[in-house]
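**Student:** Just dropping this structure here.
The values are calculated or read from the model by the stated rules, or taken from the named source; none is laboratory data. These figures come from a predicted structure and were not determined experimentally. Glycine also receives a Cβ, built like all others from the backbone with ideal geometry; neighbour counts cover every protein chain displayed.
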Amino acid sequence: MRQIKVLLLGVCIALLAVSCVKKGDPNSAKPKGYFRIEIPEPQYKIFDSVIPFQFEKNELAKLKISKKEQDNMWIDIDYPLLNATFKMTSIKFHNNLRDLMYNEDKMLMFHVENRKADDIQYSVIEDSEARLFGYIYDIEGKGAATPLRFWVTDSTSHFVRGSLYFNFVPNNDSLQPVIQYLRNDLLQMIETWKWNKK
């Protein structure tokens, strides 16, 4: 009888040991994931108002204009769904275009000198027929406050600069689909840009 008990105890221990062993990959920590961001297809419509230019704007965005001083204006193109805003300033200038362009370069150099940007790529805007000249800057790096900056001018009296901001501390790696979506909106805006004759 004692031998049967010992044998049964041995079989139970063996079964328990076999059931605890799992074949396959050992447990490991999963990498951090990010929420999937669903972005609707853009629908564009011409925006023409009191500002000295017009362009096609995504209907997902809301536009807010406020006078600054003299003929200058602040323009916010707000994307509530994406928690992002293009902040733009429209400046009427007189013989100081070089200074305005220099200030834009200084702002970019701030990102580089303070190691906020890993890299800055730029695209040239040049359309003589539309009198539209400028640059689009893609700023890469987790510490960059804004992943997109741009400026455009008619080279005689109007200068518009803008930056994309998120309404939270961004992780530009996880936001790449949103940044690309907003960059496409910026390109649509630039491609349809017309100066008003006011």
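**Student:** Tell me the residue from 196, 172 that is surrounded by fewer than 20 Cβ atoms within 10 Å (Cβ to Cβ), modelled with pLDDT under 95, touching a Gly at 6+ places or on another chain (Cβ under 8 Å) and among the polar types (S, T, N, Q), please.
**Tutor:** Testing whether each residue is surrounded by fewer than 20 Cβ atoms within 10 Å (Cβ to Cβ), modelled with pLDDT under 95, touching a Gly at 6+ places or on another chain (Cβ under 8 Å) and among the polar types (S, T, N, Q) leaves just 172.
**Student:** Being under 22 Å from the mean Cα position of the chain (by Cα), surrounded by fewer than 16 Cβ atoms within 10 Å (Cβ to Cβ), at pLDDT below 90 and not β-branched (Val, Ile, Thr) is the filter here; which residues of region 27-77 pass it?
**Tutor:** 32, 33, 34, 35, 36, 38, 40
**Student:** In addition: Return only the number of the condition from (1) closer than 20 Å to residue 54 by Cα; (2) assigned to a strand (DSSP E or B); (3) of a type in the set (A, V, I, L, M, F, W, C) that residue 139 does not satisfy.
**Tutor:** Every listed condition holds for residue 139 apart from (1).
**Student:** Does at least one position in region 78-99 carry a residue that is surrounded by fewer than 19 Cβ atoms within 10 Å (Cβ to Cβ), touching a helix residue (DSSP H, G or I) at 6+ places or on another chain (Cβ under 8 Å), touching a residue at least 24 places away in the same chain (Cβ under 8 Å) and farther than 27 Å from residue 48 by Cβ?
**Tutor:** No, there is no match, as no residue in region 78-99 is surrounded by fewer than 19 Cβ atoms within 10 Å (Cβ to Cβ), touching a helix residue (DSSP H, G or I) at 6+ places or on another chain (Cβ under 8 Å), touching a residue at least 24 places away in the same chain (Cβ under 8 Å) and farther than 27 Å from residue 48 by Cβ.
**Student:** Related question: Does region 182-192 hold any residues that are within 11 Å of residue 150 (Cβ to Cβ) and either β-branched (Val, Ile, Thr) or part of a loop (DSSP other than H, G, I, E, B) (or both), and which are they?
**Tutor:** The one that is within 11 Å of residue 150 (Cβ to Cβ) and either β-branched (Val, Ile, Thr) or part of a loop (DSSP other than H, G, I, E, B) (or both): 190.
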